[in-house]
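Okay, structure first, notes after.
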Amino acid sequence: MARNYKSFYTSTNDSSALEQAFYLKKETTKGTLIAPASTDFLFTLSGGSIKFNQPFETSPHRSGRHNLSTIKKKKVCSWNLTTYFNIDESLGAASSAEIDAPVRQLWKSVLGNEVLTSGAVYSSLTTPDETFTLMEVGDKWARQARGAFVMDNTVGLPGNGEATCEWNGGAVESFMIGIGKSVTANAANSITVAAGEGDSFRVGGLVMVIKSDGVTRSSDTPSGSARTITAIAGDVITLSGAVLTDSDGSVNEVYLCYYEPATKTAINNPLTGLVGSMSFADLPSQCFRSATIKIANDHELVDYCYGHDSLDAPFFVPANRLTVTVTAELNLNANLVQFFNRVQDFESKDFQAVLGSASGRRMVIDCPKVQFPVPEFSVPESGSIPVSFEGVAYETALDAADEITVSFV
């Protein structure tokens, strides 16, 4: 069912959380918004959001007992998403098509290197060097973040829940865009919206023009094509691109609206962990209660450039060590006693986790050299005794950059 922006505009209801949707697309020019396509839609779980703020503090000027003015600080933009692992198991052979394009972009952003010769394989052989546009779309509103990148992610593989991946990152800034109604002829590149509605838009945001039925897109902004807001003067919104030829609202009103693709296309097949395996190379077949793998970049944010009120190009520098933390929880038994003592002897461990069928399309995480400290554990009143090993993954040799490999094969 097509979304009706006229209905959103005329409704007196408050916005509904159920309308939230995310789109993510690699930017051609770092830090410049790019219009996503239908295949850039990303299935997410609840709780994700784009967070944007420009903090300020009260001016320290002497003004008696009364606060008089403020001092603005740098803009701050961050975001977080939680996703399932949607993998197309119907493919006969490994292909990058088994995961969605925005998921590929997220993995490339967090690890840096992507190989697509057989499936999609991600490692830290190259440093992250791309940004993407992230759009959070609601009903009456949308947040559009430019220059976005991943700072860290956490893969959760519980034995009694669903496999998930939590993504966290930063961005240059975010634009909050709403919907406005126009009943004017709208000559040249300007659209005049109703009184006061100019405040529903921001310079730099991406918009589209919707016809009077609330569904049909103007030929000035067909699906896959957006206009950038270049100026706002009161309720007159100036747009980029060619002169408008199909945005006349004088006979039948038109609606200026945040941009989003006309349709959503994504793989809807979450692998939740009911099929899969985990192993340490030197530990016989064992029940893993859970595993968590966290990849942390800790990029240096370029928020220190004079004359800029937000992050400045290149927006982030991979100037800190990549840290991969592996946590595995198992039950104490005879085999684990031996494993425990080898850990105490500082033996590194080869860890692998597989999500999905061993013979079908699946995700495989390999960490060939994990160094665990000796874990503490306590004995519960009854039941089995869980022991949690938490360690850091290391490269196997200088410049091998193989502390973690994530493969969709």
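The values are calculated or read from the model by the stated rules, or taken from the named source; none is laboratory data. Since the model is a prediction, treat every value here as computed from it, not as a measurement. Quick reminder, even Gly has a Cβ in these numbers, built from the backbone with ideal geometry, and neighbours come from all protein chains shown.
Key figures for this structure:
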item: Tally of residues being touching a residue at least 24 places away in the same chain (Cβ under 8 Å), small (G, A, S) and not in a helix (DSSP H, G or I) across region 32-81; result: 7
item: Every pair of residues 6+ apart whose Cβ atoms lie under 8 Å, when the first sits in region 147-165 and is within 18 Å of Q105 (Cβ to Cβ) while the second is assigned to a loop (DSSP other than H, G, I, E, B) and among the charged types (D, E, K, R); result: G147/E27; G147/K30; F149/E130; M151/D298; D152/D298
item: Residue that is surrounded by the most Cβ atoms within 10 Å (Cβ to Cβ), among those in region 370-409 that are assigned to a loop (DSSP other than H, G, I, E, B) and of a type in the set (D, E, K, R); result: E403
item: Failed criterion for P222 (all others in (1) farther than 17 Å from A2 by Cα; (2) free of Cβ contacts under 8 Å to residues at least 24 places away in the same chain hold); result: (1)
item: Subset of region 173-207 (residues that are polar (S, T, N, Q), surrounded by fewer than 21 Cβ atoms within 10 Å (Cβ to Cβ) and in contact (Cβ under 8 Å) with a residue 60 or more places away in the chain); result: T184
item: Filter result for A97 (part of a helix (DSSP H, G or I), farther than 16 Å from G169 by Cβ and either in the same structural domain as L134 (by TED's automatic domain parsing) or acidic (D, E) (or both)); result: yes
item: Those strands (runs of 3 or more DSSP E) lying entirely in region 116-178 with at least 2 residues under 15 Å from G48 (Cβ atoms); result: 132-137, 142-158, 164-171
item: Single residue of region 20-64 satisfying the filter (modelled with pLDDT of 95 or more and among the charged types (D, E, K, R)) that is surrounded by the most Cβ atoms within 10 Å (Cβ to Cβ); result: D40
item: In region 208-220, the residues that are touching a Leu at 6+ places or on another chain (Cβ under 7 Å), part of a strand (DSSP E or B) and surrounded by fewer than 23 Cβ atoms within 10 Å (Cβ to Cβ); result: none
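Residue-by-condition table, conditions (1) of a type in the set (K, R); (2) outside the structural domain of V207 (by TED's automatic domain parsing); (3) more than 15 Å from the chain's Cα centre (by Cα):
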site	(1), (2), (3)
Y23	no, yes, no
A35	no, yes, yes
H61	no, yes, yes
N67	no, yes, yes
I71	no, yes, yes
K74	yes, yes, yes
